[in-house]
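Q: One structure, as structure tokens, below. Some questions next.
Every number in this text was worked out from the coordinates using simple rules, so none of it is lab data. It should be emphasised that the depicted structure is a prediction, and the values quoted were computed from it without experimental measurement. As a convention, Cβ positions derive from the backbone with ideal geometry for all residues, glycine included, and neighbour counts pool all protein chains shown.
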Amino acid sequence: MLSGEMTGAQHQPSSPSVPTSAAAARDRVERLLEDHFRGAPQHRPPAVMLTDALLVTSELVTNAIRHGGGVTGFTARVTAEGLVITVRDRSPAAPTVRLRPDGQAFPVGGYGWPLVQRLATRVHIAPLREGKAIRVLLPLAPHAPA
């Protein structure tokens, strides 16, 4: 079980329905971040941070649909550490990076999981009774120069 989540029939997930597409999940994340930054001086999330959050959301949800048997749960919340996105699916298999025959990573497609790992401050994969949950933490500030 992931930290802060409860099991049992009387406890409902934080969102009433599971998004059926990456676009629906992105809409939720964008609204959450717009609400969070509404009182900030710029009144909007920083563009780079919003783009990263929407990209990671798309990748996690698309992978759950394409490789995980469908999305069974989705939450996005802002914490003191950043944006936490959790996507549950039906497959117990953890994402992997496939190699091309010449040994290079990234066959046609296959860019998403490495991208998620690069953009997220933390990635946690938790096995569930039926499937898995992937939780990522994304910073809420623009990237500092390397």
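Q: Mind listing the phi-derived Karplus ³J(HN,Hα) values for segment 64-76, rounded to whole Hz, using 6.51, -1.76 and 1.60 with θ = phi - 60°, and x for any glycine or proline?
A: Ordered by residue, 3J(HN,Hα) equals 5, 6, 6, 10, x, x, x, 7, 10, x, 8, 9, 9 Hz.
Q: Once Rh is set to the Kirkwood radius over Cα pairs, what Stokes-Einstein translational diffusion coefficient, in µm²/s, holds for segment 22-138 at a temperature of 4 °C and a viscosity of 1.567 mPa s?
A: Working: Rh = 14.8 Å.
Diffusion coefficient, whole number: 87 µm²/s.
Q: Show me the ranking of peptides 58-65, 40-47, 114-121 by mean Cβ neighbours inside 10 Å, starting with the highest.
A: Result, highest mean first: 58-65, 114-121, 40-47.
Q: So, in nm, how far is label residue 27 from label residue 81 when the simple model puts each one 7 Å beyond its Cα toward the Cβ?
A: 3.0 nm
Q: Given the Cα-Cα distance of residue 123 and residue 66 and 0.36 nm per residue of separation, how much length would full extension add, in nm?
A: Length gained, residue 123 through residue 66: 18.6 nm.
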